[in-house]
Amino acid sequence: MVGQDIWQRYFTAKNLKTDRTGGILVGVYSLLYSLAMVIIGMCALIVLPSIENTQNVFTSMAFETLPTGLLGIVFAAVAAAIMSTASGTLLASSTLITKDILKDHFFKDISDRQFLLLSRVTTLVIGIVAIVIALWIQELLVAIDVAYALLAGSIFIPIVFGLFWKRATAKAAFYSIVISAVVVLAGLAIEGLSSSNPILYGIAVNIIVMIVVSMMDRTEKPEEVQTNETMDA
(Lines give C-alpha, C1' and ligand atoms only; values in the text may rest on other atoms or scores of the structure.)
Protein backbone atom coordinates (compact mmCIF):
# COMPACT_ATOMS: atom_id res chain seq x y z
CA MET A 1 0.00 0.00 0.00
CA VAL A 2 2.80 2.44 0.76
CA GLY A 3 4.91 1.99 -2.37
CA GLN A 4 4.89 5.11 -4.51
CA ASP A 5 3.74 3.13 -7.54
CA ILE A 6 0.74 1.94 -5.51
CA TRP A 7 -0.49 4.82 -3.36
CA GLN A 8 -0.16 7.26 -6.26
CA ARG A 9 -2.96 5.30 -7.95
CA TYR A 10 -5.30 5.99 -5.05
CA PHE A 11 -5.52 9.58 -6.26
CA THR A 12 -7.00 8.50 -9.60
CA ALA A 13 -9.60 5.99 -8.37
CA LYS A 14 -13.18 6.88 -9.27
CA ASN A 15 -14.53 6.21 -5.76
CA LEU A 16 -13.67 4.97 -2.27
CA LYS A 17 -14.82 1.42 -3.02
CA THR A 18 -12.33 1.16 -5.87
CA ASP A 19 -9.59 2.46 -3.57
CA ARG A 20 -10.39 -0.14 -0.92
CA THR A 21 -10.55 -3.02 -3.41
CA GLY A 22 -7.30 -1.93 -5.02
CA GLY A 23 -5.56 -1.69 -1.66
CA ILE A 24 -6.58 -5.22 -0.70
CA LEU A 25 -5.52 -6.65 -4.09
CA VAL A 26 -2.19 -4.86 -3.76
CA GLY A 27 -1.65 -6.68 -0.47
CA VAL A 28 -2.22 -10.05 -2.17
CA TYR A 29 0.10 -9.11 -5.05
CA SER A 30 2.81 -7.90 -2.66
CA LEU A 31 2.57 -11.12 -0.67
CA LEU A 32 3.27 -13.21 -3.78
CA TYR A 33 6.44 -11.42 -4.87
CA SER A 34 7.61 -11.12 -1.27
CA LEU A 35 7.37 -14.91 -0.96
CA ALA A 36 9.64 -15.20 -4.01
CA MET A 37 12.33 -13.18 -2.21
CA VAL A 38 11.86 -15.24 0.95
CA ILE A 39 12.38 -18.44 -1.04
CA ILE A 40 15.58 -17.01 -2.55
CA GLY A 41 16.78 -16.20 0.96
CA MET A 42 15.98 -19.72 2.19
CA CYS A 43 17.90 -21.19 -0.75
CA ALA A 44 20.83 -18.87 0.00
CA LEU A 45 20.94 -20.23 3.54
CA ILE A 46 21.80 -23.63 2.00
CA VAL A 47 23.88 -22.57 -1.00
CA LEU A 48 25.79 -19.73 0.71
CA PRO A 49 25.75 -20.56 4.45
CA SER A 50 28.83 -18.47 5.21
CA ILE A 51 27.72 -15.19 3.60
CA GLU A 52 28.42 -12.30 5.97
CA ASN A 53 26.50 -9.37 4.50
CA THR A 54 22.84 -10.33 4.16
CA GLN A 55 22.27 -7.28 1.94
CA ASN A 56 24.22 -9.10 -0.80
CA VAL A 57 22.16 -12.31 -0.77
CA PHE A 58 20.27 -11.64 -4.01
CA THR A 59 23.40 -10.58 -5.91
CA SER A 60 25.47 -13.47 -4.58
CA MET A 61 22.77 -16.01 -5.42
CA ALA A 62 22.49 -14.63 -8.95
CA PHE A 63 26.25 -14.97 -9.55
CA GLU A 64 26.31 -18.40 -7.95
CA THR A 65 23.38 -20.03 -9.72
CA LEU A 66 22.67 -18.29 -13.05
CA PRO A 67 24.50 -18.75 -16.39
CA THR A 68 26.15 -15.73 -17.98
CA GLY A 69 23.40 -14.83 -20.46
CA LEU A 70 20.55 -15.16 -17.99
CA LEU A 71 22.60 -13.31 -15.37
CA GLY A 72 22.83 -10.31 -17.67
CA ILE A 73 19.06 -10.33 -18.25
CA VAL A 74 18.37 -10.48 -14.51
CA PHE A 75 20.62 -7.54 -13.71
CA ALA A 76 19.27 -5.56 -16.66
CA ALA A 77 15.77 -6.14 -15.25
CA VAL A 78 16.94 -5.02 -11.80
CA ALA A 79 18.48 -1.86 -13.28
CA ALA A 80 15.28 -1.15 -15.24
CA ALA A 81 13.17 -1.60 -12.10
CA ILE A 82 15.41 0.76 -10.13
CA MET A 83 15.38 3.45 -12.84
CA SER A 84 11.62 3.27 -13.38
CA THR A 85 10.96 3.45 -9.66
CA ALA A 86 13.39 6.37 -9.24
CA SER A 87 11.86 8.38 -12.09
CA GLY A 88 8.30 7.72 -10.93
CA THR A 89 9.17 8.65 -7.37
CA LEU A 90 10.84 11.89 -8.44
CA LEU A 91 7.85 12.89 -10.56
CA ALA A 92 5.34 11.94 -7.86
CA SER A 93 7.27 13.80 -5.16
CA SER A 94 7.66 16.95 -7.24
CA THR A 95 3.97 16.87 -8.24
CA LEU A 96 2.77 16.54 -4.65
CA ILE A 97 5.10 19.23 -3.33
CA THR A 98 4.47 21.62 -6.22
CA LYS A 99 0.69 21.22 -6.40
CA ASP A 100 -0.42 20.43 -2.84
CA ILE A 101 2.07 22.58 -0.92
CA LEU A 102 3.69 25.30 -3.01
CA LYS A 103 0.84 26.21 -5.37
CA ASP A 104 -2.02 25.76 -2.92
CA HIS A 105 -0.36 27.69 -0.09
CA PHE A 106 2.43 29.93 -1.42
CA PHE A 107 1.99 30.53 -5.17
CA LYS A 108 -1.79 30.54 -5.58
CA ASP A 109 -2.00 32.88 -8.57
CA ILE A 110 0.82 31.61 -10.80
CA SER A 111 0.19 30.84 -14.47
CA ASP A 112 0.46 27.41 -16.07
CA ARG A 113 3.88 28.29 -17.52
CA GLN A 114 5.13 29.40 -14.10
CA PHE A 115 3.68 26.27 -12.52
CA LEU A 116 5.57 24.13 -15.05
CA LEU A 117 8.80 25.96 -14.25
CA LEU A 118 8.17 25.55 -10.52
CA SER A 119 7.58 21.84 -11.04
CA ARG A 120 10.84 21.45 -12.96
CA VAL A 121 12.83 23.33 -10.34
CA THR A 122 11.26 21.22 -7.58
CA THR A 123 12.11 18.02 -9.45
CA LEU A 124 15.71 19.20 -9.86
CA VAL A 125 16.03 20.01 -6.15
CA ILE A 126 14.54 16.66 -5.12
CA GLY A 127 16.89 14.88 -7.54
CA ILE A 128 19.92 16.63 -6.04
CA VAL A 129 18.78 15.73 -2.52
CA ALA A 130 18.29 12.11 -3.62
CA ILE A 131 21.81 12.01 -5.09
CA VAL A 132 23.30 13.38 -1.87
CA ILE A 133 21.44 10.78 0.19
CA ALA A 134 22.54 8.02 -2.19
CA LEU A 135 26.20 9.10 -1.91
CA TRP A 136 25.85 9.17 1.87
CA ILE A 137 24.21 5.74 2.27
CA GLN A 138 25.89 4.12 -0.80
CA GLU A 139 24.37 0.65 -0.33
CA LEU A 140 21.23 0.34 -2.49
CA LEU A 141 19.32 -2.12 -0.31
CA VAL A 142 20.05 -0.09 2.82
CA ALA A 143 18.67 3.00 1.07
CA ILE A 144 15.55 1.02 0.14
CA ASP A 145 15.23 -0.12 3.76
CA VAL A 146 15.34 3.51 4.93
CA ALA A 147 12.81 4.62 2.30
CA TYR A 148 10.32 1.89 3.13
CA ALA A 149 10.86 2.38 6.85
CA LEU A 150 9.65 5.96 6.37
CA LEU A 151 6.79 4.91 4.10
CA ALA A 152 5.62 2.03 6.28
CA GLY A 153 6.10 3.90 9.55
CA SER A 154 4.55 7.18 8.37
CA ILE A 155 2.04 6.59 5.58
CA PHE A 156 0.58 3.10 6.01
CA ILE A 157 -1.69 3.87 8.97
CA PRO A 158 -3.11 7.15 7.54
CA ILE A 159 -3.92 5.33 4.29
CA VAL A 160 -5.66 2.45 6.08
CA PHE A 161 -7.56 4.79 8.40
CA GLY A 162 -8.52 7.01 5.48
CA LEU A 163 -9.89 4.05 3.53
CA PHE A 164 -11.61 2.14 6.33
CA TRP A 165 -12.36 4.59 9.18
CA LYS A 166 -15.03 7.20 8.45
CA ARG A 167 -14.00 9.49 11.32
CA ALA A 168 -10.42 9.97 10.06
CA THR A 169 -9.62 13.56 9.09
CA ALA A 170 -7.06 15.17 6.80
CA LYS A 171 -5.62 17.14 9.71
CA ALA A 172 -5.03 13.95 11.69
CA ALA A 173 -3.35 12.32 8.70
CA PHE A 174 -1.04 15.31 8.24
CA TYR A 175 0.10 15.45 11.86
CA SER A 176 0.47 11.67 12.15
CA ILE A 177 2.67 11.54 9.03
CA VAL A 178 4.92 14.37 10.21
CA ILE A 179 5.29 13.17 13.81
CA SER A 180 5.79 9.51 12.92
CA ALA A 181 8.38 10.44 10.26
CA VAL A 182 10.40 12.21 12.95
CA VAL A 183 10.07 9.16 15.21
CA VAL A 184 11.20 6.79 12.45
CA LEU A 185 14.20 8.93 11.53
CA ALA A 186 15.19 9.22 15.18
CA GLY A 187 14.88 5.46 15.59
CA LEU A 188 17.04 4.82 12.52
CA ALA A 189 19.66 7.25 13.80
CA ILE A 190 19.76 5.51 17.19
CA GLU A 191 19.39 1.84 16.23
CA GLY A 192 20.98 1.82 12.76
CA LEU A 193 19.69 2.14 9.20
CA SER A 194 18.87 -1.57 8.86
CA SER A 195 16.81 -1.81 12.04
CA SER A 196 13.10 -2.65 11.69
CA ASN A 197 12.13 -1.41 15.14
CA PRO A 198 11.70 2.25 14.07
CA ILE A 199 8.88 1.11 11.76
CA LEU A 200 7.01 -0.28 14.77
CA TYR A 201 7.65 2.90 16.74
CA GLY A 202 6.32 4.98 13.85
CA ILE A 203 3.21 2.83 13.43
CA ALA A 204 2.44 3.02 17.16
CA VAL A 205 2.77 6.82 17.15
CA ASN A 206 0.74 6.97 13.94
CA ILE A 207 -2.19 5.10 15.45
CA ILE A 208 -2.23 7.26 18.57
CA VAL A 209 -2.01 10.56 16.68
CA MET A 210 -4.59 9.52 14.07
CA ILE A 211 -7.17 8.54 16.68
CA VAL A 212 -6.56 11.45 19.08
CA VAL A 213 -6.41 14.22 16.45
CA SER A 214 -9.36 12.79 14.49
CA MET A 215 -11.52 12.71 17.62
CA MET A 216 -10.43 16.22 18.63
CA ASP A 217 -10.93 17.53 15.11
CA ARG A 218 -14.48 16.20 15.09
CA THR A 219 -15.39 17.51 18.54
CA GLU A 220 -13.96 20.99 17.88
CA LYS A 221 -16.14 21.61 14.83
CA PRO A 222 -19.72 20.55 15.70
CA GLU A 223 -21.24 23.43 13.74
CA GLU A 224 -19.38 22.45 10.59
CA VAL A 225 -20.46 18.82 10.93
CA GLN A 226 -24.07 19.89 11.52
CA THR A 227 -23.97 22.18 8.48
CA ASN A 228 -22.62 19.38 6.29
CA GLU A 229 -25.31 17.00 7.49
CA THR A 230 -28.00 19.62 6.74
CA MET A 231 -26.62 20.14 3.23
CA ASP A 232 -26.55 16.38 2.64
CA ALA A 233 -30.17 16.14 3.78
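The values are calculated or read from the model by the stated rules, or taken from the named source; none is laboratory data. It should be emphasised that the depicted structure is a prediction, and the values quoted were computed from it without experimental measurement. Backbone-built Cβ (ideal geometry, glycine too); neighbour counts: all protein chains shown. Accessible surface areas use protein heavy atoms only, side chains included; no ligands, DNA or RNA. Shrake-Rupley method; radii C 1.70, N 1.55, O 1.52, S 1.80 Å.
So here's what we get for this one:
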item: Cα gyration tensor category, rounded, prolate or oblate, for the stretch 112-167 with a/c compared to 1.5; result: oblate
item: Cα-only Debye scattering, the stretch 78-206: base-10 log of I(q)/I(0) at q = 0.11, 0.13, 0.18 Å⁻¹; result: -0.48, -0.67, -1.14
item: Vicinal HN-Hα couplings computed from phi for the stretch 169-177 (Karplus, 6.51 cos²θ - 1.76 cosθ + 1.60; Hz; Gly/Pro x); result: 10, 5, 4, 5, 4, 4, 5, 5, 5
item: Rounded FRET efficiency, nearest 0.05, which uses the C-beta distance separating Ala76 from Ile110 and R0 of 41 Å; result: 0.50
item: Solvent-accessible area of Glu64 with every protein chain in place, 1.4 Å probe, in Å² to the nearest 10; result: 120
item: Estimated dipole of the chain in Debye, rounded to 20 [Cβ of Lys and Arg +1, of Asp and Glu -1, Cα centre]; result: 460
item: Ranked order, Ser34, Ser194, Ser180 - accessible area, probe 1.4 Å, largest first; result: Ser194, Ser34, Ser180
item: Helix-only mean residue ellipticity at 222 nm for the chain, each DSSP H run of n ≥ 4 adding -39500 (n - 2.57), per residue, nearest 500; result: -26500 deg cm²/dmol
item: Accessible area per residue in Å² at 1.4 Å probe, computed on the chain; result: 67
item: Rounded D (µm²/s) - the chain, Kirkwood Rh over Cα pairs, Stokes-Einstein at 20 °C, 1.002 mPa s; result: 104
item: Low-density loop positions, trypsin sites (Lys or Arg not before Pro), the stretch 99-158 - DSSP coil, at most 11 other Cβ in 10 Å; result: Lys108
item: For the stretch 205-211, Karplus couplings with θ = phi - 60° (6.51, -1.76, 1.60), whole Hz, Gly/Pro x; result: 5, 4, 4, 4, 5, 4, 5
item: Point-to-point label distance, Ser50-Leu16, nm (Cα→Cβ direction, 7 Å offset); result: 5.9
item: Computed magnitude of the charge dipole of the stretch 1-80 (debye, nearest 20; Cβ of K, R +1, Cβ of D, E -1); result: 500
item: Largest to smallest accessible area among Val184, Val129 [probe 1.4 Å]; result: Val129, Val184
item: Dipole-positive endmost among Ala168, Leu188, Gly202 within the stretch 166-222 (Cβ charges, Cα centre); result: Ala168
item: Tyr201 accessible area, assembled protein chains, probe 1.4 Å, Å²; result: 100
item: Spin-label zone in the stretch 160-186 - amide nitrogen under 14 Å from a point set 7 Å from the Cα of Ala204 along the C-beta vector; result: 180, 183-184
item: With all protein chains modelled, accessible area of Lys17 [1.4 Å, Å²]; result: 150
item: Gain on full stretching of the segment that runs from Ser195 to Ala130 - 0.36 nm per residue minus C-alpha separation; result: 21.3 nm
item: Rounded percent of accessible protein surface that carbon and sulfur make up, the chain, 1.4 Å probe; result: 70
item: Test item: Cα-centred dipole of the stretch 54-171, Lys/Arg +1 and Asp/Glu -1 on Cβ, debye; result: 580
item: Debye log10 I(q)/I(0) for the stretch 68-109, one point scatterer per Cα, at q = 0.14, 0.15 Å⁻¹; result: -0.49, -0.52
